[in-house]
């Protein structure tokens with residue numbers, strides 16, 4: 001049985017990903033070129049010459065706009081703070097920290113050509129696949145360390161950190177669920193939530209995927225997952241509230257479908273205030289990675305590329321690990337001896353079987369959810 005420490009390798013070996021999918025301020029034009037380098041067209045660090053030259057170009061721009069990065073999500077607060085410490089000359093603007101993947105794309109489209117547009121994205125796979133025209137290809141210096149199954153071949157979007165879909169629960173409010181079916185019982189009436197709308201948010205999308213594979217369905221057809229949430233809603237158990245540490249603390253969402261690292265994080269934040277347990281149901285586990293991408297219209301294109309280089313550095317990858325997530329470069333870093341071994345070894349074992357949707361499966365699931373989700377849970 002593999003451990004979660006080898007999740008990236010498991011995904012690379014089992015997922016056959018279709019990777020060939022393919023009013024203006026004027027500030028973006030000014031920022032796009034630094035010296036003789038047009039940062040907006042750079043597809044790797046070689047366009048700048050070396051990291052020092054990229055750093056100089058980004059510092060010259062002096063700003064980075066990120067979006068939908070909650071500081072309590074997978075240790076993003078520490079990631080942002082370390083970047084700011086390394087590059088104090090670059091002002092980071094953190095927009096809409098609780099926004100969904102779909103809202104990131106909407107913001108980029110609404111703010112196109114303005115210096116307030118997002119420079120970079122952090123996206124669930126379904127939204128990334130549907131919006132490849134919005135991304136600029138870029139391959140970071142550590143590209144070869146990233147499993148092929150986690151990256152679009154030109155670098156339009158690249159997996160960075162991942163985990164397993166899990167259920168967090170307050171043991172003082174509900175019995176410990178041992179299976180998906182338990183959540184349909186009367187003990188969970190008005191108590192079960194998911195993180196967002198599955199037609200827009202990656203975590204919610206994965207919750208339906210996990211319900212599908214745990215409910216005699218598969219990643220080829222999410223209908224079984226939609227049916228489960230329809231039944232959960234009909235039973236009066238589904239709560240249409242986006243869970244946060246505040247809603248968990250208040251008792252509004254005592255059961256939450258979310259990534260294992262986020263559910264673990266909720267427990268850490270609420271220690272001493274709320275008990276919080278996390279379970280990955282036995283049988284088939286549903287795993288997934290979030291994806292990084294650069295806005296094709298990034299107002300600070302050098303800073304956007306520097307941010308990508310930073311995220312795939314040993315320092316940032318270890319920060320994902322500290323947040324309970326599984327970094328994309330974990331196996332290569334373990335081999336090189338640059339991973340935090342204590343954190344790496346402490347990751348729990350994975351279920352006997354792990355599934356990860358391919359690009360084609362994710363697209364099909366996104367289409368099905370668009371057609372069926374609203375009616376199932378209305």
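Can you give me the orientation-averaged projected area of the convex hull built on the Cα atoms of the chain, in nm²? Mind dumping the intermediate values first?
Working: hull surface 71.5 nm².
Taking a quarter of the hull surface, the average projection is 17.9 nm².
Is the range 99-142 best put as rounded, prolate or oblate by its Cα gyration tensor, with a ≥ b ≥ c the root eigenvalues, rounded for a/c under 1.5, and otherwise prolate when a/b is larger than b/c, oblate when not? Since a/c reaches 1.5 but b/c is at least a/b, the shape of the range 99-142 is classed as oblate.
Here the range 134-193 and the range 280-302 have alpha carbon centers that stand 10 Å from each other. When only alpha carbons of the range 329-378 are considered, Rg and Dmax amount to 18.3, 51 Å.
Hey, can you rank 156-166, 349-359, 84-94 by average C-beta count inside 10 Å, highest first?
Details: 156-166: 26.4, 349-359: 19.1, 84-94: 14.1.
In decreasing order of mean packing, 156-166, 349-359, 84-94 become 156-166, 349-359, 84-94.
Stokes-Einstein diffusion for the range 39-81 at 10 °C, viscosity 1.306 mPa s, with a Kirkwood radius from C-alpha pairs, works out to 129 µm²/s.
The mean sequence distance of close C-alpha pairs (under 8 Å, at least 6 residues apart), as a share of the length of the range 61-215, puts its relative contact order at 21 percent. With a ≥ b ≥ c the root eigenvalues of the C-alpha gyration tensor of the range 38-139, is it rounded (a/c under 1.5), prolate (a/b larger than b/c) or oblate? Cα axes put the range 38-139 in the oblate bin. Just check the range 274-378 against the gyration tensor rule for me: Cα atoms, a ≥ b ≥ c as the square roots of the eigenvalues, rounded for a/c under 1.5, and otherwise prolate or oblate depending on whether a/b exceeds b/c. Cα axes put the range 274-378 in the oblate bin. In summary, the convex hull built on the alpha carbon positions of the range 137-221 has an orientation-averaged projected area of 7.9 nm². A protection proxy built from the mean count of other Cβ atoms within 10 Å ranks the segments 180-186, 325-331, most packed first, as 325-331, 180-186. If you take every DSSP beta bridge fully contained in the chain, what fraction is antiparallel? Give it as a percent rounded to 5. Taking every DSSP beta bridge with both residues in the chain, the antiparallel ones total about 70 percent. From most to least packed by mean Cβ count within 10 Å, the peptides 102-109, 229-236, 124-131 give 124-131, 102-109, 229-236.
If you bin all the Cα-Cα distances of the range 285-335 at 10 Å, starting from zero, the percentages per bin are 22, 46, 27, 6. In the chain, the calculated helix contribution to ellipticity at 222 nm averages -11000 deg cm²/dmol per residue, counting -39,500 (n - 2.57) for every DSSP H run with n ≥ 4. Centroid-to-centroid, using Cα positions, the range 204-265 and the range 313-338 are 28 Å apart.
Sorted from longest to shortest, the spans of the Cα atoms of the range 89-194 along the three principal axes equal 52, 33, 31 Å.
Rule-based calculations on the coordinates, nothing more; no lab input. Note that this is a predicted model, so its numbers are computed, not measured. Glycine gets a Cβ as well: all are built from the backbone with ideal geometry, and neighbour counts include every protein chain shown.
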